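Participant: What follows is a structure written as structure tokens; I'll ask about it next.
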Amino acid sequence: MAKDTNLTAQVIYEKEFHVDIKGYAPAEVDEFLDQIIEDYQIYDEKIEELGQALTRYEEKIKELSQQIFTLQTENQNLNEKVNADFVNGNSDMVDILKRIARLEKAVFNQ
């Protein structure tokens, strides 16, 4: 995964500071850097987790879009059959197909 940050957990871990007479206490600096490393590692794990979730959701959207297309095609075919049966005088079949179409509409348009 591409990163937009300048520092990684490894860079922070390997960073060494020069200590002079009035410098910071190395133990305090190391403790603080350890906390920063831990935060970076948690951040990286979270980013990876979210990236995987995004991929799963995109795949699910694609799958559902294909199902929608299939159902719309089937609905269109049924509507054409209803209209053809109505023109041919087959009203019993037309009533059944109209009921099916209304049921589909009620189920899939919620």
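Participant: Name the one entry in A84, A101, A106 that is assigned to a helix (DSSP H, G or I), among the small types (G, A, S) and at pLDDT 85 or above.
Facilitator: Answer to the selection: A101.
Participant: Then there is this: Q76 fails exactly one of the following numbered conditions: (1) at pLDDT 80 or above; (2) under 27 Å from the mean Cα position of the chain (by Cα). What is the number of that condition?
Facilitator: In the conditions (1) at pLDDT 80 or above; (2) under 27 Å from the mean Cα position of the chain (by Cα), Q76 misses (2) alone.
Participant: Something else now. Between a residue in the range 8-34 that is modelled with pLDDT under 75 and surrounded by 13 or more Cβ atoms within 10 Å (Cβ to Cβ) and any residue that is not acidic (D, E) and not in a helix (DSSP H, G or I), which pairs come within a Cβ distance under 6 Å, given they are 6 or more apart or on different chains?
Facilitator: Pairs found: none.
The values are calculated or read from the model by the stated rules, or taken from the named source; none is laboratory data. All of these numbers come straight from a predicted model, not from anything done at the bench. Don't worry about glycine lacking a Cβ; one is built from the backbone with ideal geometry, like all the others, and counts go over all protein chains shown.
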